[in-house]
Amino acid sequence: MTQNILVIGASVSGLSVALALLQRGHRVTMLERGIVGGESSWARGGILSPLLPWGYAERFRRWPCGR
């Protein structure tokens, strides 16, 4: 049964979910308020550090990371 599915957030996780749904024959619409992959994705696949951000070197605090 094909369904219309809405995926909110075009992070690594959201894009992976959308791809899996498309491969199963569903119709997928994605919503992203910013840049695709530009929110938590830049933090290496959505893994957010439990440590204090100001404890990292300057290059790791810039967005996107390291640029």
### Task
Would you pull out the residues with amide H under 5 Å of Ile5's amide H, same chain only if 5 or more places away, H placed 1.01 Å from N?
Arg27, Val28, Thr29
### Spacing of the two label points (7 Å from each Cα toward its C-beta) at Leu6 and Leu31, in nm
0.4
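Quick note: the coordinates plus some simple rules give every number you see, no bench work behind them. A quick note: this is a predicted structure, and the numbers were derived from the prediction, not measured. When we count neighbours, we look across all protein chains shown, and the Cβ atoms used for this are built from the backbone with ideal geometry, even at glycine.
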